[in-house]
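For reference, the structure discussed in these notes is given below.
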Amino acid sequence: MKLHAAALLVTFLLGIFLVQMVEGSVGSQSMRKVSCVNLTTRQLNIRNLISYEKQQLPVDAVMFINRMGIKICVSPHQKWVQTAIKKIDQRRTTQGK
């Protein structure tokens, strides 16, 4: 009976140790706080966009950030999206000089 209780205790402690190791390794990875799941189909006003982030998972998307800090997700395959990215990049390079 004592051997059985000792085996259960060791199994329990090993389980706790493994859970802590997994949580630690997952917690140490940097994760994006906001990610795109749904994409808008409407074209945005490029003049109001100040920044963007590209993502591939869970969906292939570009997340634009407008002047008010609102994040809007769109498909990167639309022509206007590529134009908007180029304009934002141009603004960044001229502001950096």
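The values are calculated or read from the model by the stated rules, or taken from the named source; none is laboratory data. This structure is a prediction, so every number in the text was calculated from the model and none was measured. Note that we place each Cβ from the backbone using ideal geometry, even for glycine, and neighbour counts take in every protein chain shown.
Within the stretch 45-64, track down each residue that is surrounded by fewer than 16 Cβ atoms within 10 Å (Cβ to Cβ), hydrophobic (A, V, I, L, M, F, W, C) and in contact with a strand residue (DSSP E or B) (Cβ under 7 Å, 6 or more places away or on another chain). Working first, answer last.
Applying the first criterion (surrounded by fewer than 16 Cβ atoms within 10 Å (Cβ to Cβ)) to the stretch 45-64 yields 45-48, 50-51, 53-54, 56-60.
Then keep just the ones that are hydrophobic (A, V, I, L, M, F, W, C); that gives 46, 50, 57, 59.
Across the stretch 45-64, the qualifying residue is only Ile50.
Select from the stretch 43-52 the residues that are part of a strand (DSSP E or B) and either among the hydrophobic types (A, V, I, L, M, F, W, C) or modelled with pLDDT under 95 (or both) and write down the one among them that is farthest from Arg92 (Cα to Cα).
Looking at residues that are part of a strand (DSSP E or B) and either among the hydrophobic types (A, V, I, L, M, F, W, C) or modelled with pLDDT under 95 (or both), I get Leu49.
Taking the stretch 77-86 as the region of interest, how many residues are surrounded by 13 or more Cβ atoms within 10 Å (Cβ to Cβ) and assigned to a helix (DSSP H, G or I)? Show your work before the answer.
Going residue by residue through the stretch 77-86, those that are surrounded by 13 or more Cβ atoms within 10 Å (Cβ to Cβ) are 78, 81, 84-85.
Filter again for assigned to a helix (DSSP H, G or I), leaving 81, 84-85.
Result for the stretch 77-86: 3.
Take Pro76 and tell me if it is in the same structural domain as Arg92 (by TED's automatic domain parsing) and either in contact with a Lys or Arg (Cβ under 9 Å, 6 or more places away or on another chain) or touching a residue at least 24 places away in the same chain (Cβ under 8 Å) (or both).
Numbers: in the same structural domain as Arg92 (by TED's automatic domain parsing): yes; either in contact with a Lys or Arg (Cβ under 9 Å, 6 or more places away or on another chain) or touching a residue at least 24 places away in the same chain (Cβ under 8 Å) (or both): yes.
So Pro76 fits the description; yes.
Identify, please: which residue in the stretch 65-76 is in a loop (DSSP other than H, G, I, E, B) and not polar (S, T, N, Q) and is, among those, surrounded by the most Cβ atoms within 10 Å (Cβ to Cβ)? Give the steps one after another, and end with the answer.
Kept after step one, since they are in a loop (DSSP other than H, G, I, E, B), are these residues of the stretch 65-76: 67-70, 75-76.
From what's left, not polar (S, T, N, Q): 67-70, 76.
On the way: Arg67: 11, Met68: 7, Gly69: 8, Ile70: 9, Pro76: 16.
Once the filter is applied, the top-ranked residue is Pro76.
I'm told Val37 meets every condition in (1) part of a strand (DSSP E or B); (2) modelled with pLDDT under 95; (3) hydrophobic (A, V, I, L, M, F, W, C) except one. Can you identify the failing condition by its number?
Val37 satisfies all of (1) part of a strand (DSSP E or B); (2) modelled with pLDDT under 95; (3) hydrophobic (A, V, I, L, M, F, W, C) except (1).
Among the numbered criteria (1) polar (S, T, N, Q); (2) surrounded by fewer than 12 Cβ atoms within 10 Å (Cβ to Cβ); (3) modelled with pLDDT of 55 or more, which one does Gln20 miss?
The one condition Gln20 does not meet is (3).
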